[in-house]
1. Go through the stretch C:89-101 and give me each residue that's assigned to a helix (DSSP H, G or I) and either on the phi > 0 side of the Ramachandran plot or more than 7 Å from every other protein chain (Cβ to nearest Cβ) (or both).
2. For the subset of the stretch A:36-56 comprising residues that are within 8 Å of chain C (Cβ to nearest Cβ) and closer than 20 Å to residue A:79 by Cβ, which member is surrounded by the most Cβ atoms within 10 Å (Cβ to Cβ)?
3. Within the stretch A:43-82, which residues are without any contact (Cβ under 8 Å) to a residue 40 or more places away in the chain and in a strand (DSSP E or B)?
4. Quick one: which of A:197, A:261 is under 28 Å from residue B:671 (Cα atoms), polar (S, T, N, Q) and within 15 Å of the chain's Cα centre (by Cα)?
5. With respect to the numbered conditions (1) part of a loop (DSSP other than H, G, I, E, B); (2) within 14 Å of chain A (Cβ to nearest Cβ); (3) touching a Lys or Arg at 6+ places or on another chain (Cβ under 8 Å), which one is the sole condition not fulfilled by residue C:127?
6. Would you check which residues across the stretch B:20-57 are touching a residue at least 40 places away in the same chain (Cβ under 8 Å) and in contact with a Phe, Trp or Tyr (Cβ under 8 Å, 6 or more places away or on another chain) and list them?
7. So in the stretch C:52-82, with the set limited to residues that are small (Gly, Ala, Ser) and within 12 Å of the chain's Cα centre (by Cα), which one is surrounded by the fewest Cβ atoms within 10 Å (Cβ to Cβ)?
8. Can you name the residue in the stretch B:553-581 that is in contact (Cβ under 8 Å) with a residue 40 or more places away in the chain and assigned to a loop (DSSP other than H, G, I, E, B) and is also farthest from residue B:512 (Cα to Cα) among such residues?
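The values are calculated or read from the model by the stated rules, or taken from the named source; none is laboratory data. The structure presented is a predicted model; accordingly, all values stated were derived computationally and were not measured. Positions of Cβ are generated from backbone atoms using ideal geometry, with glycine treated the same way; all protein chains shown enter the neighbour counts.
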Amino acid sequence: MRSDPREFQLSAPATIEAALDRVSREPRVWQPFAGGTDLMVLFEAGKLQHKHFLSLWRLRELRGISADSQFVTIGALTTYSDILRNSILQDEFPLLCQAASETGGIATQNRGTLGGNIANASPAADSPPALLVYDAEIHLISASGTRRMPYSEFHTGYKKVSMRPDELIHSIRLLRGSKNLRECFRKVGTRRAQAISKVCFAARVETNGNRVRAARIALGSVAPTVIRCYKTEAALQGGANIAEATNLLYGEITPIDDMRSTARYRTRVAQNLLEQFLREAGLR
Amino acid sequence: MQREPYIGSAVPRKEGREKATGRARYVDDLSFPGMIYGATVRSAIPRGRIRGIHFDPAIAWNEFTVVTARDIPGKNVIALIVDDQPCLAEQLINHPEEPVVLLAHADPYVLEKARRAVRIETEPLPAVFTIEDSLAKKEVVWGEDNIFKTYLVQRGDVDAAWENAAQIVEGEYFTGAQEQLYIEPNGMIAIANPQDGVSVWGSMQCPFYVHKALAALFDLPKEKVRVIQTETGGGFGGKEEYPSMIAAHAALLAWKSGKPVKIIYDRAEDMAATTKRHPSRTRHRTAIDREGKLLAMEIDFTIDGGAYETLSPVVLSRGTIHAAGPYFCPNVRVDARAMATNAPPHGAFRGFGAPQSIFALERHFDVVARRAGLTPAEFRRRNFIRKGQSSAVGQVIHEQVEMGKLLDRALQLSDYQAKSKRFALENPTSRLKKGMGLATFMHGAGFTGSGEEYLASVVSVEASREGKIRVMAASTEIGQGTNTVFAQIAADALGLPYDWIEIAQPDTSAVPNSGPTVASRTVMIVGKLVESAALSLKQTLQRANLLSPDFTAAEFASACSNYIAAHGALKSTVQYQPPPNVHWDDVKYQGDAYSAYAWAAYVSEVSVDTTTFEIHVDDFVAVQEVGRVMNPVLATGQIEGGIAQAIGYALYENVVWREGRMMNSQMTNYIMPTSADLPPIRVFFEEQPNDYGPGGAKGIGELPMDGPAPAIANAIEAATGVSVNRIPITPEVLMEAMENVRV
Amino acid sequence: MSEASANAVVEIRCTVNAEPRAFRAYPMARLLDVLRGELQLTGTKEGCGEGECGACAILLDGELANSCLVPALHADGAAIITIEGIAGGDQLHAVQQAFLECGGAQCGICTPGMVLAAVNLLERHPNPDDAQIREGLAGNLCRCTGYMRIFEAVVQACRASGVHR
């Protein structure tokens, strides 16, 4: 009861066009509202600053998973449950399914959406590290057109994203065809379910013997945004060993102490997870 | 009696159907005509002087009922043991969640806005937040020395024992605060006016505690105060004393507004403002001989009571008496104290001081065992107390104690030996390190010492013309099964069907004071009174020659009908009498501390992920002797639930403090176990009927809270080689410990 | 004038426990409050207000949802099942019956949400294994039971409905 619903507006445009029209005519007035699993928590806690929301929940066009020979496209309003039940994603992008299955409980997975999770821009979100290692592409739409950008460029700072106020997230696109890489997703929360991550690790490597041909490493909860660890990746591709890689990783992350964990713990566990992953990939 | 007795059988929960269908009515499900909502404005600083209260002129205050300390008709105190906790702070602030102003309004949203528009102007005073600072009198924040209460247990000559010792082992142990985290937050509804007095409905464990507090606060005669317990969604001690505060607040607002007032805490307020388990520090110094037998135990036990005394002396007492565990030692000194700090008062929580001192002891004894060159099990086995021996406070144990048998069974059921061996072989090359740990312990049932004599609880049993029975007691059903077990006891005592027994809703105007629902006393103490009252009711009918020794339910009904026609009512009331040969000396702090103990041996199997320092309990075996098991499903549920809560205490539940305030007062950030986190919890009972309990029962509810934390900490040491002496053992804590000791 | 200036109640039409209902609500009002208030369905409980405990769980269009996180607007056009709609009159659902027999309910405050989560679990996995049971109930916190009696109740409910092999 810490927020008064009379002070908030939630309106549901019937079509994407109507929604885009609204955000283009009144930019910054309206914020998108998807499944509500983050915003309603803030609402109840009396911490929801914004007052006007556009409910996109019923826009069916923005929900669903489709695939062609090149890409899998995930609509912004696709829920975690949709993701973890999808057989193509299970088969080709298991880290994303695992992230979805470890986000909240079933009730949250039924309402939480990929687009909402990304737009909320929490550094502790579970699916972004998986998206980062899959080199996901984000598709934004507005009344004036559409644009795509690498997802790795989307998060620009703590709770900041490179999206204009007149834009909505349309979908996320994943490039198919790179199966059989060694990959790993590990969410470290204090408990096994219903946890907010203290460290979230996703990685994939392609190896040739004990040489790394390609590496993708992403982490959550260790910096103001979820991050790709480019220097560590480059070093591994250049032949670095495990000790060198974990040392480089140390320089790429900037974890903090908060009520959930400590910077020391996050640092050590991020390094350990990388070490374990690389070891299991056959590196030294 | 032809049928099988109900005692010992798994009859379904009395109110189970209402709960499974959502029809059970909890306080927030109730509404009264004209009811408005209440809210609490709290201090924002841990300690200081109130200089003024400012009301934001943007709010239409004339629409609100506003209550401050000046509106209290009687004494500004939440009466409990000593009168040191105010209902509303008037001049001094002693902790950061201290209530100062109460507001009521018909619209809960408008109310919330107003709550944020009251500013308490204060002049801060220095505060203390730790046991160490309080002991050092860094600042005196309570009385003359910050000490609420001390106890000293002296047995034999500890000081003379050290020189003969083969080994002397010292250790220091810490336990953190723990939130009860009942899933139903606290709440009360009050109707109050000078003509009719004060009535409250709400979620609580102890209606007569609330009654006492309201009578003092309003300066009303007892009959003008009425307290009714509504269906209560869990308590665990957390609804023992704080409901008096909320009832007082709702009643003050109702008194001033003339309207029914409902106060429901949201989760954040409930977690931050209400009581939690006392944090503790325990120091042990133990002497053993060459055979690994205890020569002397010196125990220094300190708990953090928070800002007011409340129940701390009683919590301290139970912790003190349990500090030496189920062992015999000729020379014991326990020096115990409860200290003041500027945090909200810590209070009752399942176990009530015992989980703290038992954690220290059982952790310490693994260290002692190693120094003795014995296994943890063997060291304990050599020192278990036996029938005829006496405890540190001089209680001669008259019951057959089978600790060795319980331990053997727990070791066998958990496959302790084989697994310990296997883990020792596998751990050096494994990322997951596994270990087995055990704890052996006991828990005294009923109030400590002479508590039950002072309480002198009363229970009535009444029959209707149709032979239907009403059990009248103030003991509350809070999930643990009071209604069901009382009905089983009464049905067996009277030879009637279970369905014929009704348990009256606890209402201080209608039921006698059977004491608070705490201390694992409900079945053993109050249940015994239910049994006696039922038997006496039957005797009344038999003495009146209305009932033959062997009767059917229909004959019982007609006997009741005849008796009531002749005498008007059929009711029997009994009062607690201490069992023979149970004596406690309050002055010497010696004697029979409890009339019965439950005994237990628990084994936990854990794995530690050395990549993330995450700890998981993989298996848990709990073997206990709790006297007669009254209802196997309910009893098993009590043990399982207690163990789950204790696993949380050991590993997950970390209260993050900043200047006396809980910072993680959300379920998202205060981590209790989910269904995905718990091991199979395997529960086994040995039954040894207790002479003084109904059907042979002892207490059960608190026991399972005592042993799991040390069993888990011991298993972590077995797995990692690292000795962690504080709980909760979060991954962060374990990492720091493992980094200091390279493994 | 901005469309954002008019904060008004909206008409919500939905079915609740298979009965058509229409009510007016502020679109951001929590569905939990609407159910417990306007519709007087107090079987749905509030334990945390942040989607963590599951006491307020309902079935929304057949899927488990925490009603404290659902704005009233999202109920428009939806089919809602609350705990009050689980039993068939006096005939308890197999899950409810199993909760009674196995000791799945203690204090009862998590029970409505837990029963709905279990019913939903059995709809998705008619014969769940231990891991599926644990996962399916992991969003519903119980402080009394340690979950063991609840797991047993779920297995018992399968057995009772003849699915369990």
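1. Scanning the stretch C:89-101 gives C:94, C:95, C:97, C:98.
2. A:36
3. A:65, A:66 - these are the residues of the stretch A:43-82 that are without any contact (Cβ under 8 Å) to a residue 40 or more places away in the chain and in a strand (DSSP E or B).
4. A:197
5. Checking residue C:127 against (1) part of a loop (DSSP other than H, G, I, E, B); (2) within 14 Å of chain A (Cβ to nearest Cβ); (3) touching a Lys or Arg at 6+ places or on another chain (Cβ under 8 Å), the one that fails is (2).
6. B:27, B:30, B:46, B:55
7. Ranking the qualifying residues of the stretch C:52-82, first place goes to C:62.
8. B:581
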